[in-house]
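The values are calculated or read from the model by the stated rules, or taken from the named source; none is laboratory data. Since this is a predicted model, take the numbers as computed values, not measurements. Here the Cβ positions follow ideal geometry from the backbone for every residue, glycine too, while neighbour counts run over all protein chains shown. Quick note on the areas: whole protein, heavy atoms, side chains included, nothing else; ligands and nucleic acids left out. Shrake-Rupley method; radii C 1.70, N 1.55, O 1.52, S 1.80 Å.
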Amino acid sequence: MGTKNRWYENATFYAIDVEAFADGDGDGVGDFEGLTERLDYLEGLGVDCLWLLPFYPSPNRDNGYDVADYYGVDSVYGTFGDFVEFVREADRRGIRVIVDLVVNHTSDQHPWFRAARSDPESKYRDYYIWREDLPEDPDPHRGPVFPGEEDTVWSYDEKAEAFYYHRFYHFQPDLNVANPDVREEIRKIMGFWLELGVSGFRVDAATLMIDNKGGLESTKLDDPHGVLRDMRQFVERRGDDAILFAEADDAPEHLGDYFGTTTGRAPSDAETSDELGEGDEMNVLLNFLLDAYLVLALAEQEAEPIREVLDLLPPRPEGGQWANFLRNYDELNVGRLSKADQQTVFEAFAPDEEMRIYGRGIRRRLAPMLGDDDRVRLAYSLLFSLPGTPLVVYGDEIGMGDDLDLPGRSAVRTPMQWSSEKNGGFSTADPEDLVRPVVSGGEYGYESVNVADQRGDPDSLLQWFSRLNRLRGECPEIGHGDCEVFDTDDPAVFAHRMSSDHGRVVAIHNLGDDEAEATLELDHRPVRLFGEAAFERVEDGGESEAGDVSEADSESDAIETDKDSSEKCISSSNTDRGSGSEGVDGSGEWRFELERYGYCWVRIDESV
């Protein structure tokens, strides 16, 4: 098994909430007409794949994740014709599209649930999970996903005269995936959208979808991961190079299971990718664990949490990939950290209670959270350099802010800021008719932060981001290479090397707000790719010689690269080679001088 074209290994994913991106018909709500008009912008930004949040018919009580019809486009976003035209135009520009697959639950307005609650003999009754009485001892590990907003996972339906199960909101009853008829419905839904040209699905709540829902015998799956394998097989048969991009937020020892393996060896038991063969479940996993530890490293201004999480992550099977991100549409979830580390993050980035949510997360955009443009650039440079493929949320490329006056997670889902014109160029509607208010006034208002102004400024965050994204596309070793972490004397500095048959890239990042140095043992001369940090060769006796070279004047000897078969990051001592002297190939010690929040990417040149 294997997706024929592993395009996703080196793609940049860009997440879009259609209703908040661009309004094409002036009614105050973003739509496919507006999104299609902005495809040239996305092409210029260099993104490879768009992930669309739900746009299906819905009561929209949970940002569209309460789906009432899996086979439609909500009229507020346009028509099927608008959607098909959008996909065609995206494809013409070389941009793929994946859509949300929300099949852990439905809306309580879905025809399946309405039939289930009306007739106990209906086949749809068994599409959901019911019981006559509340459990005497509720499972504490299966509580509400949104504590504080829901206090139970069992709600009573008077018409059905029974309790139904829901891990999310009470208006989102869970589907019983143990029912073969439900799994067949899932296949039909995927087949439908694949025929319309999508390149795959972001599988919502994959971990909860295959859980033993409610702890009941009727919901227990003999092979939970068999559901995911079946989905993968179907997508590969019908979609050729389509992918499954999963929200799987599980304990570190179980994460690898969602990639699957063709060797029969449990990913949790493997030490290297070679032991796993090809993945046969999810192609891409959202890397929630890395996100939490990366934010901790930024809060502490120390590299150790990054070293720790790279060691915690399981090896990937062939064809498996991480999607690395700093923010997504939900809360920034730090629940996998210790209580002490959670408090460190909260104190640094969410000091006010209104900035926090669910006791585990932060409801802020990245720019105001970090509070420093240099720090934002550092964070994204680091993210793009780490093993995996990057995911960016719309607006983060210009440093959009948040609106904490909005409830819950809506604070980070404000309309895209296109210009300093009315409504930030998002819509021509009256401001009171907008789907959500545009951030206005202050440091992050649309008057100061918008695409139009930054397009004309070569030093803007948008232009910098475009350069970073293009560079990432030129470094495929980051997507599928081996990762090696260097020892550094300064705890604020994180340095690592990504290696593959394509070449080797070294990235050095200073997480601290003071200047820092890092001396690395390199076996060939470094050639600058990105960042303004100065670097020089260290001669015998500690003297230095300027060594900031370009592709043109680089000299090196080709040598065989010592490749570790594991994709897990391993420690690399800087004293392995002993002497600090430089060989004719540029090997030896190289000193990198980093400004506050400084960074530098170099390619190890083996051309001579």
Checklist entry - If you wrap the chain's Cα atoms in a convex hull and average its projection over all directions, what's the area in nm²? => result 27.4
Next on the checklist: Charges at C-beta only: +1 for Lys and Arg, -1 for Asp and Glu. How large is the resulting dipole of the chain about its Cα centre, in Debye rounded to 20?
Outcome noted: 1780
Checklist entry - How much length, in nm to one decimal, is gained on full extension between E308 and R88, taken as 0.36 nm per residue of separation minus their Cα-Cα distance? => result 74.9 nm
Next on the checklist: I need the shape label for segment 11-70. Rule: rounded when a/c is under 1.5, else prolate if a/b > b/c, else oblate, with a, b, c from the alpha carbon gyration tensor.
Outcome noted: oblate
Next on the checklist: Cut-off under 20 Å on the C-alpha distance; same-chain residues fewer than 8 positions from K123 excluded. Which aspartates and glutamates are left, in chain and number order?
Outcome noted: D69, D108, E132, D157, E158, E161, D174, D181, E184, E185, E217
Item to check | Per-pair calculated FRET efficiency, R0 = 25 Å: D374 and A534 via Cβ, rounded to 0.05 | outcome: 0.95
Checklist outcome for this item: Result for the chain: accessible area per residue, probe 1.4 angstrom, in square angstrom, of 38
Checklist entry - Does anyone have the angle between helix 288-300 and the longest principal axis of the chain? Alpha-carbon axes, 0 to 90°, nearest 10? => result 50
Next on the checklist: I'd like to know how segment 441-539 sits against the 2.2 N^0.38 Å rule of thumb: what's its Cα Rg over that expected value?
Outcome noted: 1.35
Checklist entry - Given 0.36 nm per residue, what is the gain on full extension from K339 to H502 after removing their alpha carbon distance, in nm? => result 54.5 nm
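Which FRET efficiency value, to the nearest 0.05, do you get for A452 and Q109 by plugging their Cβ-Cβ distance into 1/(1 + (r/R0)^6) with R0 = 35 Å?
Plugging the Cβ-Cβ distance into 1/(1 + (r/R0)^6) gives 0.30.
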Checklist outcome for this item: Between the modelled labels at E161 and E353 (7 Å from Cα along Cα→Cβ) the distance in nm is 4.5
Checklist outcome for this item: Of R38, R467, ordered by accessible area with the largest first and a 1.4 Å probe, the sequence is R467, R38
Checklist outcome for this item: Among beta bridges assigned by DSSP with both residues in the chain, the antiparallel ones amount in percent, to the nearest 5, to 60
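Assuming a ≥ b ≥ c are the square roots of the Cα gyration tensor eigenvalues, decide whether segment 150-271 counts as rounded (a/c under 1.5), prolate (otherwise, with a/b larger than b/c) or oblate.
Values: a/c = 2.09, a/b = 1.35, b/c = 1.55.
Note, shape of segment 150-271 comes out oblate.
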Checklist outcome for this item: Lys and Arg at +1, Asp and Glu at -1: neighbours of V393 with Cβ under 10 Å from its Cβ sum to 0
Item to check | Between helix 80-92 and the chain: long-axis angle, C-alpha atoms, 0 to 90°, nearest 10 | outcome: 20
Item to check | Cleavage-rule hits, trypsin sites (Lys or Arg not before Pro), segment 105-168, DSSP coil, Cβ neighbours within 10 Å at most 16 | outcome: K159
Item to check | Accessible surface of segment 156-306 [probe 1.4 Å, protein heavy atoms]: carbon and sulfur percent | outcome: 40
Checklist entry - Extension gain R238-D487, at 0.36 nm per residue separation less the Cα-Cα distance, in nm? => result 85.0 nm
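Kindly provide the helix-only [θ] at 222 nm of the chain, computed as the sum of -39,500 (n - 2.57) over DSSP H runs of four or more divided by all residues, to the nearest 500 deg cm²/dmol?
Helices in the chain give a 222 nm mean residue ellipticity of -7000 deg cm²/dmol.
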Item to check | C-alpha long axis of helix 339-349 to longest principal axis of the chain, angle in ° | outcome: 80
Item to check | Accessible heavy-atom area order of T36, T519, highest first, probe of 1.4 Å | outcome: T519, T36
